[in-house]
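Okay, structure first, notes after.
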Amino acid sequence: MNVDADREADADTVTSLIANAAKRYTAAPAILAPGRSALSYADLWQQCLAIGTELRARGHGPRTRVGLAMPAGPEMATAYLAVVTHACCVPLNPGAQVAELRRWFDAAGVTCLLVAQDDAAGAARQVAAERGLPIIEVVRDRRAPAGWLQLTPAGEPVGEPAAVGCAPSDVALVIQTSGTTGQPKVVELTHEGMVSSALSMIEAYQLTARDCTINVRPMYHVAGLIVNTLGPLACGGRVVYAPGFDGDSLFDWIAEFRPTWFSGVTTMYQWWLAHEQDYRRKTGDHRFRFLRAGSAAMPPATMRRLEELTGAPVIEAYGMSERTPIAVNPLPPGKRKPGTVGHATGVALALFDADGRAVANGDIGEITIQAPGVRGEPIGEHGLWFRTGDCGRFDQDGYLLITGRLKELINRGGQKIAPREVEDQLLEHPAVAQAVAFALPHPTLGEDVAAAVVAQAGAAIDPAELRRFLLDRLAPYKVPAFIRVVATMPLGPTGKILRSSMAALCARPADGAIDAPRGETESRVAAIFAEVLGCERVGRHESFFALGGDSIGGARVLSRLMQAFGVELPANELFVYPSVADVAQEIAARALQAEDVTREIDALSDDEVAALLEHEDTRLS
Ligand code: AMP
């Protein structure tokens, strides 16, 4: 154990972990953000105390569950640490829709909501109001140091003040993972488990107070909450909180903050590689101590190219909501092995077969772990183990290889989606009789979401309309990029829909069979798709995402459409209209709307136009 980890090991709750760090690293910068001054460890702890005390005065403590709906950024980090050190924190996805939040509030048992006063957080506020839950507002001040929050006046305390003091076995954090049943699966992390994770991080990556990282991962997932926050802040490091993954600014932030390490998913790193010139130009001679890759498999070719580009060792790791890290490749001078996730880290790890027998060395079995704060179930005669639902095997040197998943989750660039959740929402549509969601192989995301649907007798299904319907119910990344309307579903011998044979349904037709674009607009849209996707031809009904597009390519398509047609489509438009024919139709509809407006303005008198402009000026000022 390195010296810093050793010093932290006396903490048994997240509260004492952060309090100890504040005592030890008092004036050192803890929380940073682009364009802001840094928040010191002492000030961070002051913030935790102020917000925590206020929560407790209102009756919220370790046994109540505080939903946290804040946009990504330094204030979300402070609010998270304040809540988690004093009560039980339930971070919410700011992009979640009302229907998702309703299910999640109930599943997680949210008892009050913390939001930023200047942030609409409309969906979360609506759900809290429906349930009659108290809403506490904090004020963000962009002129203050990064992460600084002010409380709005307390008002009357509600009920008894909550008891002070969190215990190691108390649940500190409740996060959502995509349960295979489609119901949000509640993962409860105890103080003991989180402290163990933070210490294992410090140990595995030899983190110290000299380290600095930039967080671009969501603050409702362990990647943002533990890997990029608890681990580095427990040992005096600096964390720069970005407002999310912003391709245009990331390299500038690297040049400005000179982070010693970075944690990303494969798709992010593939984006770095696609912009290697920019990376070199903007970051110059900057060298990371290491780059961590997790949440999804890192292809050895990507790892090799990334190491060539950055000169930094790429450390592939394996973890999950219930426990991270589980396994990590060694840092130099240890040997990292591409295609593997290294060795067990802070956990006992074993592979069992379906009958609960330990598998022979080199054979594939389910990865199971024993870790502090993680509840296991009995496996044969072997005691209690937590089943990860992932399969793996050890190579001849004892490095773990992940070979697949037992569970049916779709892994879209590290974001996990339960097919059942998508299917349930598809079936809410009156025209849908049967629905199945499944993973479609994708060149940069690894997998993307696709669905097949059967229409109700006499009904017709329009995939674009169905997608719009889903966008009101699911976060955009869960909405299938590709929806195929089929007459019947392929069934297995027991009558179950054969999910495994679904991907073949979506296979790209041979070039000759591609439905060519019709008319000028479709041809120009198809040319833009083809250029961004780097393919020769695009059929009029092919989905941008199914052809290999991702959100970064999508942004490029939208900006090229803007240049070509002068039409500004909203950012998630490609999720609704992913094919050439769909996009061309939308462009035509918008052009018509614009013509109508021009015609209406032409019909107005000069005085009416002047009055309109004056009204508009007042509205904008
Ligand atoms: P989550 O709970 O959303 O963090 O998802 C955890 C799941 O991501 C694991 O159970 C694995 O299926 C997958 N995963 C995490 N890290 C890796 C990795 N390095 N390689 C392959 N799959 C991974």
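Sort 561-568, 187-194 by the packing proxy (mean of other Cβ within 10 Å over each peptide's residues), most packed first. List each step's numbers first, then the result.
On the way: 561-568: 14.5, 187-194: 23.0.
My ranking of the peptides, most packed first, is 187-194, 561-568.
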Between the residues Ile136, Trp253, Val525, the Cα farthest towards the positive end of the dipole of the chain, that dipole coming from +1 and -1 charges on the beta-carbon of Lys, Arg, Asp and Glu, is from Trp253
State the percentage of accessible surface on the chain attributable to carbon and sulfur atoms; use a 1.4 Å probe and exclude ligands, DNA and RNA. 52
Computed helical MRE - 222 nm, the chain, DSSP H runs ≥ 4 contributing -39500 (n - 2.57), nearest 500: -10500 deg cm²/dmol
For Phe394, Phe438, write out the residues from largest to smallest accessible area, computed with a 1.4 angstrom probe and no ligands counted. Phe394, Phe438
Please list, or write none, the lysines whose alpha carbon is within less than 27 Å of the alpha carbon of Lys407, excluding same-chain residues fewer than 8 places away. Lys185, Lys337, Lys416, Lys478, Lys496
For the range 471-488, take each phi angle, set θ = phi - 60°, evaluate the Karplus expression 6.51 cos²θ - 1.76 cosθ + 1.60, and give the result in whole Hz per residue in order, putting x for glycine and proline. 5, 7, 10, 10, 4, x, 5, 8, 6, x, 6, 9, 10, 10, 8, 10, 6, 9
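Asp397 to Asn20: FRET efficiency via 1/(1 + (r/R0)^6), r the Cβ-Cβ distance, R0 30 Å, to the nearest 0.05?
Details: r = 37 Å, r/R0 = 1.23.
For Asp397 and Asn20, the calculated efficiency is 0.20.
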For the range 382-397, Karplus-derived ³J(HN,Hα) couplings (6.51, -1.76, 1.60; θ = phi - 60°; whole Hz; x for glycine and proline) come out as 9, x, 8, 9, 8, 8, 7, x, 9, 10, x, 8, 8, 7, 5, 9
Two pseudo-spin positions, 7 Å from Cα along C-beta at Gln126 and at Ala589, lie apart in nanometres by 2.1
In the chain, how does Rg compare with the Kirkwood Rh, expressed as the Rg/Rh ratio over alpha carbon atoms? 0.98
Hey, can you grab everything whose amide H is under 5 Å from the amide H of Ala433? Only 5+ residues off in sequence or another chain; H modelled, so Pro and N-termini drop out. Val454, Ala455, Gln456
Reported to the nearest 10 Å², Trp148 has, with a 1.4 Å probe, an accessible area equal to 80
Could you list which residues have their amide H under 5 Å from that of His442, counting only those 5 or more apart in sequence or on another chain, with H placed in the peptide plane? Glu447, Asp448
Quick one: what are the phi-derived ³J(HN,Hα) couplings along the range 517-533, Karplus 6.51/-1.76/1.60 with θ = phi - 60°, whole Hz, x for glycine and proline? x, 10, x, 5, 5, 4, 5, 5, 5, 4, 5, 5, 4, 4, 5, 5, 7
Estimated FRET transfer efficiency (Arg484, Asp606; beta-carbon r; R0 41 Å; 0.05): 0.15
Spelling it out for Ala116: with amide H atoms placed in the peptide plane at 1.01 Å from N, the residues 5 or more places away or on another chain with amide H under 5 Å from its amide H are Val138
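So, with +1 on the Cβ of K and R and -1 on the Cβ of D and E, and no other charges, what is the size of the charge dipole of the range 213-336 about its Cα centre, to the nearest 20 debye?
Around 380 debye, computed over the range 213-336.
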Accessible surface, per residue, of the chain when the full set of protein chains is kept, probe 1.4 Å, Å²: 42
For the chain, build the charge dipole from Cβ charges (+1 Lys, Arg; -1 Asp, Glu) around the Cα centre, then report which of Met268, Gln46, Val341 sits farthest towards its positive end. Val341
Give me the dipole magnitude in Debye, nearest 20, for the chain about the Cα centre, with unit charges on the beta carbon: positive for Lys and Arg, negative for Asp and Glu. 1740
Rank Ser16, Ser523 by accessible area, highest first, at a 1.4 Å probe radius? Ser523, Ser16
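For the range 514-602, report the convex hull volume of the alpha-carbon atoms normalised per residue, in Å³, without decimals.
Details: hull volume 7.8 nm³, N = 89.
Residue-normalised Cα hull volume stands at 87 Å³.
The values are calculated or read from the model by the stated rules, or taken from the named source; none is laboratory data. Since the structure is predicted, the reported quantities are computational estimates derived from the model, not experimental observations. Here the Cβ is made from the backbone with ideal geometry for all residues, glycine too, and neighbour counts use every protein chain on show. Keep in mind that these areas ignore ligands, DNA and RNA; they rest on the heavy atoms of the full protein, side chains included. Shrake-Rupley method; radii C 1.70, N 1.55, O 1.52, S 1.80 Å.
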